[in-house]
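Participant: This is the structure I have questions about; it appears just below.
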């Protein structure tokens, strides 16, 4: 087995994660992605949440009727997940071919060997298991916010597709999301070069209520070409 480097302890972006709890419309969108993942797998099947963080998406998955195995390396976050009733583990401890559906939201961009992690996710995936990835897009948008939360990169669509395929997965579709977020992020990088990268609940609420719904409408027309994030849905083929 390869050595896997997962997100480390003392994660610096916890404040931003907590602020994102205010993003109601954004969370609803991610619930639809989790529902799509569930539709691609057997109803009520267990999910593996890689990089579960504070448990935001694990709670959404559980609300859809899916037991969730949380993979999280940060000790404080692991304790927080356990207090919410989630089973926690590390990726090397997961048995090969045991997971019926896998997802990871805004995690693999934190990891130096992202291809190695994708190969480990392939290892633990059962034949036919779907995979959902949600990552930041476009290197040109990399800003102090990315640095603050520990992002090592933002992805081009072709890059994400190629890396996922190289890990062994079949890529079913990949598209951009949050098209207006692309414009806002570009402005943030170039108009606020001295920003700390920290976000607060008030600014998150404003963007979520006023901009994100419009962004989702625009996505229907432009998600092939632009967006602040990338959504990839693939699966492990039959062995």
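The values are calculated or read from the model by the stated rules, or taken from the named source; none is laboratory data. Only a predicted model underlies this, so the values are computations on that prediction, with no experimental measurement involved. Heads up, the Cβs are rebuilt from the backbone with ideal geometry, glycines too, and the neighbour counts pull from every protein chain shown.
Participant: Do you know which of the residues in segment 207-225 that are surrounded by 13 or more Cβ atoms within 10 Å (Cβ to Cβ) and free of Cβ contacts under 8 Å to residues at least 60 places away in the same chain is farthest from residue 122 (Cα to Cα)? It would help to see each step written out before you state the result.
Facilitator: Step one: list which residues in segment 207-225 are surrounded by 13 or more Cβ atoms within 10 Å (Cβ to Cβ), which gives 207-209, 211-213, 215-216, 218-219, 222-223.
Going one step further and asking which of them are free of Cβ contacts under 8 Å to residues at least 60 places away in the same chain, we end up with 211, 215, 218-219, 222-223.
Details: 211: 36, 215: 32, 218: 33, 219: 29, 222: 30, 223: 27 Å.
Across segment 207-225, the extreme among qualifying residues is 211.
Participant: If you don't mind, another one. Which ones in segment 205-231 are within 30 Å of residue 168 (Cα to Cα) and in contact with a helix residue (DSSP H, G or I) (Cβ under 6 Å, 6 or more places away or on another chain)? Spell out the reasoning first.
Facilitator: Going through segment 205-231, the residues within 30 Å of residue 168 (Cα to Cα) turn out to be 219-220, 222-231.
Listed by number, the residues that qualify are 219, 222, 226, 227, 228, 230.
Participant: Shifting gears a bit: Of all residues in segment 21-37, which are farther than 19 Å from residue 175 by Cβ, buried (at least 16 other Cβ atoms within 10 Å of the Cβ) and in contact (Cβ under 8 Å) with a residue 60 or more places away in the chain? Let's see the steps before the verdict.
Facilitator: Initially, segment 21-37 is screened for residues farther than 19 Å from residue 175 by Cβ, giving 21-24, 27.
In the following step, the residues that additionally are buried (at least 16 other Cβ atoms within 10 Å of the Cβ) were identified as 22-23, 27.
Matches in segment 21-37: 22, 23.
Participant: Ok, one more. Answer yes if at least one residue in segment 136-154 is surrounded by 18 or more Cβ atoms within 10 Å (Cβ to Cβ), at pLDDT below 95, on the phi < 0 side of the Ramachandran plot and in contact with a strand residue (DSSP E or B) (Cβ under 9 Å, 6 or more places away or on another chain), and no otherwise.
Facilitator: Filtering segment 136-154 down to residues surrounded by 18 or more Cβ atoms within 10 Å (Cβ to Cβ) leaves 136-138, 141, 143, 145-146, 149, 151, 154.
Now restrict to residues that are at pLDDT below 95: 143, 145-146, 149, 151.
Imposing the further condition that a residue be on the phi < 0 side of the Ramachandran plot reduces the set to 143, 145-146, 149, 151.
With the extra rule that they be in contact with a strand residue (DSSP E or B) (Cβ under 9 Å, 6 or more places away or on another chain), the set shrinks to 146, 151.
Yes; the residues of segment 136-154 include at least one that is surrounded by 18 or more Cβ atoms within 10 Å (Cβ to Cβ), at pLDDT below 95, on the phi < 0 side of the Ramachandran plot and in contact with a strand residue (DSSP E or B) (Cβ under 9 Å, 6 or more places away or on another chain).
Participant: For the subset of segment 54-96 comprising residues that are in contact (Cβ under 8 Å) with a residue 40 or more places away in the chain and in a loop (DSSP other than H, G, I, E, B), which member is surrounded by the most Cβ atoms within 10 Å (Cβ to Cβ)?
Facilitator: 72
Participant: Quick test of your reading of the structure: residue 18 fulfils all but one of (1) assigned to a helix (DSSP H, G or I); (2) modelled with pLDDT of 90 or more; (3) surrounded by fewer than 17 Cβ atoms within 10 Å (Cβ to Cβ). Name the failing condition by number.
Facilitator: Status for residue 18: all satisfied but (2).
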